Each structure stands twice: as structure tokens, then as C-alpha cells.
1. Of all the residues that make up segment 186-239, how many are among the hydroxyl-bearing types (Ser, Thr, Tyr), within 23 Å of residue 101 (Cα to Cα) and at pLDDT 95 or above?
2. Mind listing whichever residues of segment 13-24 are within 18 Å of residue 65 (Cβ to Cβ) and under 20 Å from the mean Cα position of the chain (by Cα)?
3. Of the residues 83, 50, only one is more than 30 Å from residue 292 (Cα to Cα) and touching a residue at least 40 places away in the same chain (Cβ under 8 Å); which?
4. Name the residue, out of 337, 326, 319, that is within 22 Å of the chain's Cα centre (by Cα) and charged (D, E, K, R).
5. Answer yes or no as to whether residue 210 is in the same structural domain as residue 259 (by TED's automatic domain parsing), more than 27 Å from residue 266 (Cα to Cα), hydroxyl-bearing (Ser, Thr, Tyr) and without any contact (Cβ under 8 Å) to a residue 60 or more places away in the chain.
6. For segment 332-354, give me the residue count where each residue is out of contact with any Leu (no Cβ under 8 Å at 6 or more places or on another chain), over 30 Å from residue 196 (Cα atoms) and in a helix (DSSP H, G or I).
7. Taking segment 266-295 as the region of interest, how many residues are charged (D, E, K, R) and assigned to a loop (DSSP other than H, G, I, E, B)?
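The values are calculated or read from the model by the stated rules, or taken from the named source; none is laboratory data. Since the structure is predicted, the reported quantities are computational estimates derived from the model, not experimental observations. Neighbour counts run over all protein chains shown; Cβ positions are idealised from the backbone, glycine included.
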Amino acid sequence: MLDLADGAKRAGFDVAIASQQNSHLYETLLKHNIRFIEVRHLQRDIDPILELQLAWELYKIIKKEKPDILHLNSSKVGALGALIGKLAGAPKIIFTAHGWAFNDPRPPLQLKVITFISRFAARFQDKIICVSKYDRQKALEFKIAPSEKIITIHNGINAKKIELIARDEAREKLKLDKKDFVIGTIANFYKTKALDTIVLSAISAVHENSNIKFILIGDGPEMGKIEALIQKYKLDEYFILPGIIKNASNYLKAFDIFVMSSKKEGLPYALLEAMAAKVLCVVSAVGGMPEIISNEQNGILIRDMTPGKLQETITKLAENKLKMKEMAKAGQQTVLEEFSLKRMVEETLNVYES
């Protein structure tokens, strides 16, 4: 949101971001001279009373701001915001799907409800942006909207703006030793991130390499489960769970391998940032990640990732540091050439202009 808002402002648009309370986002927007509008009743979980209050709050915001273009992000706001936006008279409504909710592993009834809501919301959305070709194809398979309404714009980053901390300094701050072989990730601790796969892979990995260390940066509802698994298998000395770290991407140089074990993804910024930092990435072949990673060329793709497959991959890589460096360098080049912030902003602004 910040990247697009900043790009739109530079292109001459009058921009405001409405979101739930977030002091870091607010402070950052101030520096960019972008208005922030707090949405008090916005939360991740579903609550019927709060949703009615949210609907009324969104209606008042849209009526007051009178935007020419209403650009919605996140599944809940994408649906509710589209309906309210139409009722409030927003001329054009765009929705970006950062990974469809119906791609989650869910019971059949839930999937039917989510699919129905997505189709209903699409009636009020003038354009739907998918962050990966995979998500666009899934939207067409589920008949969310006509093909001409759904487009793909890959996420992009300004690789040169990541303020990377030097390897030794980053490791010192994260309580890692210089000789450690570090497997790391930066993630929200959600079920779909499958962080237990990383923990379970460590059971065998620590016997193959006594210098191995795992660091999982982030927090979320699965934190308790991950901590319990680490204790159950007596892996405490091999794991570091620092919680949420501000500007966590700055510490990427501390990693030897960046792992994403997700069961569902859109097109993750965290992966692009790790590749830009020239860290070898090992990821599950889900969502848009195969559109970024070419297996054994600029990273490693694991289909149907299991703890065993991940452990075997980590062990093989640890024995071939030269190959790791070659793939990491190629990964950095991929981001610089194909996943730039400039391209993402330009393609999105073209949608606004059209």
C-alpha cells in the first residue's frame, strides 16, 4: 500500500490510506506526506456487530473523501468495501487479491461461502488485480469474474532501498554465532505458513550439522504451537524466536538460507526481499512462488514440502556452498530485472488511468 500510494502521489494523484490503527504505518506515511485515515472497526476476525459498524464507518469515509478511485486490499475489505463503495457512489473500484481466501485449506462449506462472497463482491469491482498468474487462473477456475476484469500485476520492490545490516553485525544482534549455519524466515505465525514443517525438519537436520541454527522472526496465533514443538523435541538450543522485529528485512544477511514452507501464498514480499539480499531461498511450490523461483537456478522449489524433503535439501546445500552462492546471486538478479517496484507502480497506475 505504501509503495503504491507513494508512487501514485509522485505521479500527481491525491492519495489517502484508510486502515486500522498502526503507528508505524502512520509515522511512515507522515514522512511521505500521505494522509492516514484510521478505520476503528477493522479487524481480521469476523464479528457480525463489528462488521455493521465497519460498514457504516467505511460509508462515511468514502462519502467524505469522494475518491475517483477506491483501491481495496485484503479479503474482508475487498468484499465489504466493494459493496459499500458502490452504495457510497465511488465511480471506480479496484480490488487487489493478495492470495485468494478460497485457496486456503478449508472445509467444503466454508469454501462455498467464500467463493459466493468473492463472486458477489466482484460484481461491484471494476478491476481485480491478482499478484500472480496462479491467482488469476484460480479466479477464472472459480468463475469469480469475466477474464477481461481480472489482470495480473506481480509485486515488486526497490531492492536498492533495503538497508541491509552487515552479516556479522546482524548475527550479533540476533544472538547468532559467526560459525553458525543459519536457516531463517520472516513470517506471520499463521497456520498456512506451515512453520511446523521447519521445526520438524530440524529433528534430523541438527544431527547432520551441529552448527545449524534456526531463526523464525515474527509472531501470531501459531506461536504457542511452534514453541511447544520446539520444547517437545528438545530443540531449544537450535532455535531463536525473537518475535516481531521492526524492519526485519534489514537482518537478512544473517541467514545462509531463507525458507518459506507455506501451504498458500500470493506473491510474497518477504521472498523478493530475501532474494534481493542475495540469500539463497528454499520455498514450497505454491501460489506465485514458482513464478519467481526457477528450481536450482535462482533458488530451490520443493513440491509438496515435507519436513523430510526440507531437511534433505538443507543438508545437501550445506555441503555445496559454491552452488548456494551461484543460485543466490542469480536470485538477486531476478528481482532486479523482473520484480522492480518501478514496474509494479507503473502497471498499477496504468490501471488507474484507464
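1. 1
2. Hits for segment 13-24 are 17, 18, 19, 20.
3. The unique qualifying residue is 83.
4. Among 337, 326, 319, only 337 is within 22 Å of the chain's Cα centre (by Cα) and charged (D, E, K, R).
5. yes
6. Residues meeting the conditions: 14.
7. Counting residues in segment 266-295 that are charged (D, E, K, R) and assigned to a loop (DSSP other than H, G, I, E, B) gives 1.
Quick grid of which residues meet (1) of a type in the set (A, V, I, L, M, F, W, C); (2) within 22 Å of residue 22 (Cβ to Cβ):
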position: 54; (1), (2): yes, yes
position: 73; (1), (2): no, yes
position: 76; (1), (2): no, yes
position: 110; (1), (2): no, no
position: 131; (1), (2): yes, yes
position: 150; (1), (2): yes, no
